[in-house]
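Asks: First the structure, which I've put down as structure tokens, then a few questions once you've had a look.
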Amino acid sequence: MVAVSAGVTPHLVGTSIPTVTVPANYPGNALGVPAVVNGVIIGAPTPHTELESKATRLVADLTGSLAGWDLETAVGYTHVETQQDIYGSISVPALNAALNSTTNRFLITGGTSPALLAQIFPETGADDNSYLSFAEFHATRGLFALPGGDFGVSAGASYTDRTMHSPAPNLVADGIVGGNNAYVSGSQTDTSAYAEIDAPVLKSLELDLDGRYDHFNNAGDATTGKFGFKFSPVDIFSLRGTIGTGFRAPNAAENGQSGQAYLFNTVNDPVLCPGGVPATGNIAKGSVVAACSFQPVYLNSANPALKPEKSTSKTLGFILEPIPGWSTTVDFYDIDIKEQIVAGTANFANAVRGTPVTSLCADGNGGTVPCTPAAGPILYIPVEYINANSTITSGIQFDSRYKWNLGDFGKLTTDLSWNHTMGYVLTVAGVHYQLAGTHAPFIIGGDTGNPKDRIAATLTWDRGPWSVTGTVNYIGAYDLTDPSQGLNTCALAADFVDGWFPNNPPQDGYCKVKSFTDTDVSVRYKVDKQLTIFGSITNLFNQQPPLDIATYGGGQLAYNPSFHLVGAVGRFFNVGASYKF
């Protein structure tokens, strides 16, 4: 057993890289043969990353009036450079070489020279750059009078150029040390023109119509628009609705030059291990043992042939204002997205293989024999972005706000916002999957899940220089299933989440991610026109996050950072001040 200093993250050898060995004559090796090393690396530096970001922004605005038109123009340029320096990443080839060296040997028990440690834990990094250039012109005016007000029109044009160059850290890209190997390099330009009219045809009826034309250098042309209305037959009630179309061009990561290697599920190589299983005695004779039950590398990469995503959205709702100071809105929405850009399905037929190498093959009797197969091992399996799925989401958005005048005691404002998802239908290869209230879709955003309900209730008290706000946030429960992956029961989902479930069948407590409620409080005191003092407490009652063992967004931690991060952080205090010159 090796002691580790408090506060230092140990580097372990032999847990994830069992091929690190010492020779037979290594001091302390009593086995007489080369031995696999397991343990803590003494003297290893603390892994950490340092980031330095520099932003340059130049913007010029010009506003004015000409011939009854209100004119706005703007041009700008932005450059953000981020330098990433990574320390403490282990080079396994350098460690293995140092353990087996006869002249400059790495010492397991400590005392290794700083120079050798620097070779084993080399510094690496990357320099990320993003650029944005834009120019925009916008003009508005009223043309003539209608019974409900002026007929207004606005029109404009814009040009936007985005460029990104974000390479992987050099030693990570070369495969010398582990780490985030994602890289993106590409650009996109968008030239657009747009117009909108606002027509209050009656005091009780207002119509709105807009249209937009875009030309993307990497996705072609797009014409989108929206029509909306607001009908107010009485002062306290209004009916409103919209219908519109949308367009999203592929970005540089999707159709530029990009990639990210990752590991996922354990499989059998269909060429080197046809029908094999992990137990050597059950592997077919001639199968390469290392190719049975292994994790191949998948390379997610860009696709220049991608088409843009297109959408249609519809809303219908009402506004109710029964008394002064109280306003309530209820809106039904339906959003249909087609040609969604998603990662394609991995196909072993497209696997990139190396040259054949001498390996151990099953002899059919539970043993192994050396062999040189006709095909080489899989280096990686390319997975391109494709246009494949469509999604329809529908739900209800409820908002209510009321202001109370307390006289000498100030003002009290109450807000209640509730979003209820009625449907989340994902269509894959013509098959429809209802995902509302489930953990699906697994492939999106770290497997964050889709709770049906989210509620935020806010109470704000203002009196003179004081302002105190309390907010209660609620996220509804959702189950562990993902119908789009065929995980329709808790048991199937449990099998998919390898290693988390201690029981078989799993306990019911693991099958549903429970609802989560946290309370936040903030206080602000305005000393004078220049100085303001403020403070806040996030997660006032220190609520713990619910167990979510399906999400992979939390890494090895069984909670969902997309919904329950404040629970994982715990009660958090913040104080500060601002001063305006």
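Asks: What's the local net charge at Leu209, with K and R +1, D and E -1, over the other residues with C-beta under 12 Å away?
Replies: Summing Lys/Arg as +1 and Asp/Glu as -1 gives -3.
Asks: Additional query: Do the sum for the chain: with -39,500 (n - 2.57) for every DSSP H run of n ≥ 4, divided by all residues, what is the mean residue ellipticity at 222 nm, to the nearest 500 deg cm²/dmol?
Replies: Mean residue ellipticity at 222 nm (helix-derived): -1500 deg cm²/dmol.
Asks: Between the alpha-carbon centers of the range 516-581 and the range 338-372, tell me the distance in whole angstrom.
Replies: 47 Å
Asks: Determine the per residue accessible area of the chain with all protein chains present and a 1.4 angstrom probe, expressed in square angstrom.
Replies: With the other protein chains kept in place, the chain gives 56 Å² per residue.
Asks: Excluding Ser390 itself, calculate the net charge of residues whose Cβ lies under 15 Å from the Cβ of Ser390, where each Lys or Arg counts +1 and each Asp or Glu counts -1.
Replies: Charge balance near Ser390 sits at 0.
Asks: How large is the Rg to Rh ratio of the range 13-111 when both quantities use alpha carbon positions and Rh follows Kirkwood?
Replies: 1.53
Asks: What distance in nm separates the two pseudo spin-label positions at Gln543 and Asn350, each 7 Å out from Cα along the beta-carbon direction?
Replies: 4.3 nm
Asks: When the chain is fully extended, how far beyond the present Cα-Cα distance does Val468 get from Asp85, taking 0.36 nm per residue of separation?
Replies: Here the segment from Val468 to Asp85 would lengthen by 133.7 nm.
Asks: Could you tally the net charge around Gly152, taking each other residue with its Cβ under 10 Å from the Cβ of Gly152, Lys/Arg +1 and Asp/Glu -1?
Replies: Residues near Gly152 contribute -3 overall.
Asks: In percent, what relative contact order does the chain have, based on Cα pairs under 8 Å that are 6 or more apart in sequence?
Replies: 6 percent
Asks: Follow-up question, since we're still on this one. At 7 Å along Cα-to-Cβ for each site, give me the label-to-label distance between His48 and His420 in nm.
Replies: If labels sit at His48 and His420, their model points lie 5.0 nm apart.
Asks: Would you kindly work out the equivalent ellipsoid of the range 274-422 from its C-alpha gyration tensor and give its semi-axes, the square roots of five times the eigenvalues, largest first in whole Å?
Replies: They are 63, 20, 13 Å, listed largest first.
Asks: Relative to the present Cα-Cα distance, how much length would full extension add between Gln434 and Leu202 at 0.36 nm per residue of separation?
Replies: Gain on stretching Gln434 to Leu202: 79.3 nm.
Asks: Set the Förster radius R0 to 35 Å, insert the Cβ-Cβ distance between Cys371 and Gln119 as r into 1/(1 + (r/R0)^6), and round the FRET efficiency to 0.05.
Replies: 0.50
Asks: Stretched out fully, how many nm does the piece from Ile533 to Glu339 gain, at 0.36 nm a residue minus the Cα gap?
Replies: Gain on extension, Ile533 to Glu339, equals 64.9 nm.
Asks: Can you give me the pair-distance distribution of the chain, C-alpha pairs, 10 Å bins, whole percents?
Replies: 3, 10, 16, 24, 22, 12, 7, 4, 1, 0
The values are calculated or read from the model by the stated rules, or taken from the named source; none is laboratory data. Nothing here was measured: the structure is a model prediction, and the numbers come from that model. Every residue, glycine as well, gets a Cβ built from its backbone with ideal geometry; the counts of neighbours run over all protein chains shown. Quick note on the areas: whole protein, heavy atoms, side chains included, nothing else; ligands and nucleic acids left out. Shrake-Rupley method; radii C 1.70, N 1.55, O 1.52, S 1.80 Å.
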